[in-house]
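Have a look at the structure below before the remarks.
The values are calculated or read from the model by the stated rules, or taken from the named source; none is laboratory data. Model, not experiment: these values are computed from the prediction. FYI the Cβ positions are ideal-geometry reconstructions off the backbone, even for glycines, and counts take in every protein chain you see. To get the accessible areas, we keep the full protein, side chains included, count just its heavy atoms, and leave off ligands, DNA and RNA. Shrake-Rupley method; radii C 1.70, N 1.55, O 1.52, S 1.80 Å.
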Amino acid sequence: MTQTIGNFTFETCGEIEGLYEITQKVYGDSRGYFMETYQYEVFKQAGLDMVFVQDNQSKSRRGVLRGMHFQKKHPQGKLVRVVKGRVFDAVVDLREGSKTLGAWHGVILSEEKKNMFYVPPGFAHGFLVLSEEAEFVYKCTDYYHPEEEGGVMYNDPAFGIEWPIPDDMELIFSEKDKNYPPFHGLEGLR
């Protein structure tokens, strides 16, 4: 389903309820461009009536794979976008009782397309940098609680995420991301 409200277009993503790819009108000329990246009332009209409490930004180089992260007791909804470069952004539904539990979805986010991806609370989230470097920014619906952080293997066969990894790309992980366990059901995540 696609709906346009004001300067924003909201498109549902596949069969997983709650995921949206969002684009917006970009006004440009020889000086550069201007665009709105968030407007509470418009998002509320689209059914995305959340309050964001924290903004984050990261910079990574080609081949960096961050994920698959989640928070156990304080799950975060995230509105993610790329302001420089290009990434493959992936999520896995870990919501208890969800009819799509364990399903994944991925989207390419880029500075050229200027698209955003809304991920509701209850998902594992990660991204792979496809450009030489990327700057990734996101709004969160809850604060980061380091003691509540969890994760699952990025290549867990239980999910089957199809990462677009070029043959010449060497993946780069943090120690934490490299050592996340496979998914053993929701009980193993608590």
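Take every Cα pair under 8 Å in the chain that's 6+ residues apart, average their separations, divide by the length, and report that relative contact order as a whole percent. Don't jump to the answer; show the numbers that get you there.
Details: 412 pairs, mean separation 50.7, N = 190.
Relative contact order for the chain comes out at 27 percent.
Taking the Cα centre of the chain as origin and charging only Cβ (+1 Lys, Arg; -1 Asp, Glu), how large is the dipole, in debye to the nearest 20? Kindly include the intermediate steps, with their values, before the conclusion.
Details: 21 positive and 29 negative charges, 66 e Å.
Approximately 320 debye in magnitude.
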**Prompt:** What is the magnitude of the charge dipole of region 1-84 about its Cα centre, with +1 placed on the Cβ of each Lys and Arg, -1 on the Cβ of each Asp and Glu, and no other charges, expressed in debye to the nearest 20?
**Reply:** 680 debye
**Request:** Could you please put 135, 162 in sequence from largest to smallest accessible area, using a 1.4 Å probe?
**Result:** 162, 135
**Complete:** Carbon and sulfur atoms account, in whole percent of the 1.4 Å probe accessible area of region 43-190, for 48 percent
**Fill in**
Phi-derived 3J(HN,Hα) across region 111-121 with the Karplus relation (6.51, -1.76, 1.60, θ = phi - 60°), rounded Hz, x for Gly and Pro, is 5, 5, 6, 6, 8, 10, 9, 9, 10, x, x
**Request:** For region 41-57, take each phi angle, set θ = phi - 60°, evaluate the Karplus expression 6.51 cos²θ - 1.76 cosθ + 1.60, and give the result in whole Hz per residue in order, putting x for glycine and proline.
**Result:** 4, 5, 4, 4, 4, 7, x, 9, 9, 10, 10, 8, 10, 8, 10, 10, 8
**Request:** Take the alpha carbon gyration tensor of region 68-143, find the square roots of its eigenvalues, order them as a ≥ b ≥ c, and report rounded if a/c is under 1.5; if not, report prolate when a/b exceeds b/c, else oblate.
**Result:** prolate
**Request:** Take the chain, connect every pair of alpha-carbon atoms lying under 10 Å apart with a spring to form a Gaussian network, then pick out the residue of 97, 106, 32 with the largest mean-square fluctuation.
**Result:** 32
**Request:** Report the residue, chosen from 68, 116, 35, that carries the largest GNM mean-square fluctuation when the chain is represented by alpha-carbon nodes joined by springs under 10 Å.
**Result:** 35
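Under unit Cβ charges (Lys, Arg +1; Asp, Glu -1), what dipole magnitude, rounded to 20 debye, does region 89-157 have relative to its Cα centre?
The dipole magnitude comes to about 400 debye.
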**Fill in**
Debye calc, one equal point scatterer per Cα of region 94-134, no solvent, log10 I(q)/I(0) at q = 0.22 1/Å comes to -0.84
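With a probe of 1.4 Å, find how much accessible area region 47-190 has per residue, and write the answer as a whole number in Å².
On a per-residue basis, region 47-190 sits at 49 Å².
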**Request:** Between 90, 124, 46, find the one with the highest GNM mean-square fluctuation for the chain; connect C-alpha pairs within less than 10 Å.
**Result:** 46
**Request:** Work out the P(r) tail for region 1-92: percent of alpha carbon pairs separated by more than 20 Å, whole number.
**Result:** 49 percent
